[in-house]
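Here, each number is a calculation from the coordinates, and none is a lab measurement. Quick caveat, the model's predicted, so the values are computed rather than measured. When we count neighbours, we look across all protein chains shown, and the Cβ atoms used for this are built from the backbone with ideal geometry, even at glycine.
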Amino acid sequence: MDVADGGAFAGGVVSVAERSQQSFAATADRNKSRSTATAPGYYPMVQDHIKPGRKTRPMEPAETLAKLIAPCDISAPEFYLIECAAHGAPWSRTSFNDCTGKYYRTQALYVDQKPVGFTICRLVADEVTLMNIAVHPEHQGKGYGALLLKDVLNYASDKQNQPQYKVFLEVRESNRSAIALYRKYGFQDIGRRPGYYPPVPPARKKETAIVMRR
Ligand SMILES: CC(C)(COP(=O)(O)OP(=O)(O)OC[C@H]1O[C@@H](n2cnc3c(N)ncnc32)[C@H](O)[C@@H]1OP(=O)(O)O)[C@@H](O)C(=O)NCCC(=O)NCCS
C-alpha cells in the first residue's frame with residue numbers, strides 16, 4: 001500500500017483509552033483510602049514524582065478522562081492556538097494551514113472532547129515524516145505526547161506491529177523533552193542540519209536540527 005493513499009484516514013479513529021465504570025470505581029476506591037490515611041508523610045509530594053526540569057503541576061487522574069485520537073482539520077483555529085502556545089517559534093499560520101491533502105496525516109488528541117494536542121505527518125512513498133507534534137503547555141507531562149507519538153508509530157507499522165514505513169523527524173538540538181520522547185520510542189540520530197531552525201526569541205542565533213529516524 002502506498003503510504004500516501006490515505007489508508008489511515010479511512011476509519012482511522014483510534015480510541016486510546018475510554019472512560020469506564022471500572023476506572024471510576026477504582027479511582028473512587030483509591031481516593032477513599034487516601035482520605036482515611038492518617039500516617040504523616042505517607043504520600044510523597046506531587047513534586048517527588050516529577051523529573052528534574054518537569055513542570056510541578058498537580059497530576060490529573062488521567063485514567064478517568066476520556067481520550068481519543070482522531071483525524072482532524074488542522075486548519076481549525078484551536079490547533080493553531082496550541083501551536084502558538086507550545087512552540088517558542090511557531091510555524092506561520094499559512095504553513096500550518098497548508099498541511100492538508102492526501103500527502104498529510106493530521107491527528108488530534110481530545111481529552112474530554114477538547115483538543116489538547118496534535119500531530120502533522122507528511123507521507124511520501126514508504127516514508128512518514130513527523131513534521132510537527134505539540135501538546136498544549138497546560139497538558140504537558142501527562143503522557144499525551146507519548147500517546148500521539150504512539151499513534152504515528154502504529155500508523156507506520158504493519159499488522160504484526162513491525163515497522164512498515166520509515167519514520168523521520170527533525171528536532172531542535174535544545175529541545176530536550178522532545179528528544180527524550182523520541183529516543184524513548186526508538187528514534188536514533190542520523191544527521192544534523194546546522195542553522196536549520198530560526199532563533200527562539202530572545203535568542204538570536206539559528207539552531208541546529210537533529211535528524212532522527214525510526
Ligand atoms: C514534546 C512534547 C510533545 C511532549 O509531550 P508531553 O505530553 O509533555 O510528553 P509526555 O508526558 O507524553 O512524556 C513522554 C516522554 O517524553 C519525555 N519528556 C516529556 N517531557 C519531558 C521533560 N520536561 N523533560 C524530560 N523528558 C521529557 C520523557 O521521555 C517522557 O517519558 P517519561 O514520562 O516516561 O519520562 C511537548 O513537550 C510539546 O508539545 N512541546 C512543545 C512542542 C515541541 O517541542 N514539539 C516537538 C517538535 S520536534
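Here are a few things to note about the model shown:
- Entries in 150/206; 102/166; 142/184; 184/205; 67/150 that, when Cα-Cα distance is taken, lie over 22 Å: 150/206; 184/205
- Label point distance in nm, residue 190-residue 213, each placed 7 Å from Cα along Cα→Cβ: 0.3 nm
- Distance in nm between pseudo-label sites at residue 138 and residue 200 (7 Å out along the Cβ direction from Cα): 2.1 nm
- Projected-area mean, region 102-214, by convex hull of Cα positions, square nanometres: 8.2 nm²
- Local electrostatic count, residue 130, Cβ distance below 13 Å [Lys/Arg +1, Asp/Glu -1]: +3
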